[in-house]
Amino acid sequence: KEQYYSEQHSSLINKAYQTLLNPLSRGLYLLELSGVEPVQETDCDADSAFLMEIMEINEKLAEPKNEDKLEEIETLIKVKQEELTRQVAAAFERDDLQEAKKLLTKMKYFANLEDKLKAKKVPS
């Protein structure tokens with residue numbers, strides 16, 4: 001019986017750790033705790049400059065594989081994610097949950113780009 005409970009708790013602890021480890025999932029969880037609706041990509045009332053930036057990065061990722069280009073894109077994505085993480089933290093500190101939600105929506109776009117980049121970097 002104890003082993004069963006240990007297995008259950010171990011699974012929950014691992015899930016909690018993974019949620020809190022990633023800034024995006026951590027932010028989404030904090031919104032959920034605050035009773036804010038989950039972030040949807042359709043929520044993004046982002047300015048056209050942001051959407052153009054995302055589109056340009058997507059187009060670069062669609063180009064034939066070029067290691068230098070991929071490194072450049074990887075650096076850009078990392079910088080943007082760090083910047084957004086700082087902004088989200090500041091929004092939560094101000095208790096501005098709607099701003100945090102908007103920023104987390106943008107973070108989801110960059111997380112998707114990061115996934116596409118990783119898939120492109122994996123040797124086929």
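Taking all protein chains in place and a 1.4 Å probe, what share, in percent, of the accessible surface of the chain do carbon and sulfur account for? It would help to have the intermediate numbers written out before the result.
Values: 4560 of 8720 Å².
That fraction is 52 percent.
Rolling a 1.4 Å probe across the protein heavy atoms gives the chain an accessible surface of 70 Å² per residue.
Under Stokes-Einstein, with the Kirkwood radius over Cα pairs standing in for Rh, what whole-number D in µm²/s applies to the chain at 37 °C and 0.692 mPa s?
Numbers: Rh = 16.3 Å.
The diffusion coefficient I find is 201 µm²/s.
Taking each DSSP H run with n ≥ 4 as -39500 (n - 2.57) and averaging over every residue of the chain yields -27000 deg cm²/dmol at 222 nm.
For residue 47 and residue 16 in one chain, what is 0.36 nm times their gap in residues minus the Cα-Cα distance, to one decimal in nm? Mind dumping the intermediate values first?
Numbers: separation 31, 0.36 × 31 = 11.16 nm, distance 3.35 nm.
Using 0.36 nm per residue and subtracting the Cα-Cα distance, I get 7.8 nm.
In straight-distance terms, cross-link reach from residue 121 covers every one of the lysines whose alpha-carbon lies under 26 Å from its own, apart from those fewer than eight places away in the same chain; here that gives 60, 65, 69, 78, 80, 106, 108.
To the nearest 0.05, how large is the calculated FRET efficiency for residue 62 and residue 122 if R₀ is 22 Å and r is the Cβ-Cβ distance? The value I calculate is 0.85.
Computed 3J(HN,Hα) for segment 66-82, one whole-Hz value per residue from the Karplus formula 6.51 cos²θ - 1.76 cosθ + 1.60 where θ = phi - 60°, is 9, 4, 5, 5, 5, 5, 4, 5, 4, 5, 4, 4, 4, 4, 5, 5, 5, glycine and proline marked x. In this simple spin-label approximation, residue 99 and residue 6 carry label points 7 Å from Cα along the Cα→Cβ vector, and these lie 4.8 nm apart.
The values are calculated or read from the model by the stated rules, or taken from the named source; none is laboratory data. All figures in this text were calculated on a predicted structure; none of them were measured in a lab. In this analysis, Cβ positions are derived from the backbone assuming ideal geometry, glycine residues included, and neighbour counts consider all displayed protein chains. Each accessible area value is taken on the protein alone, full model and side chains, heavy atoms only, with ligands, DNA and RNA left out. Shrake-Rupley method; radii C 1.70, N 1.55, O 1.52, S 1.80 Å.
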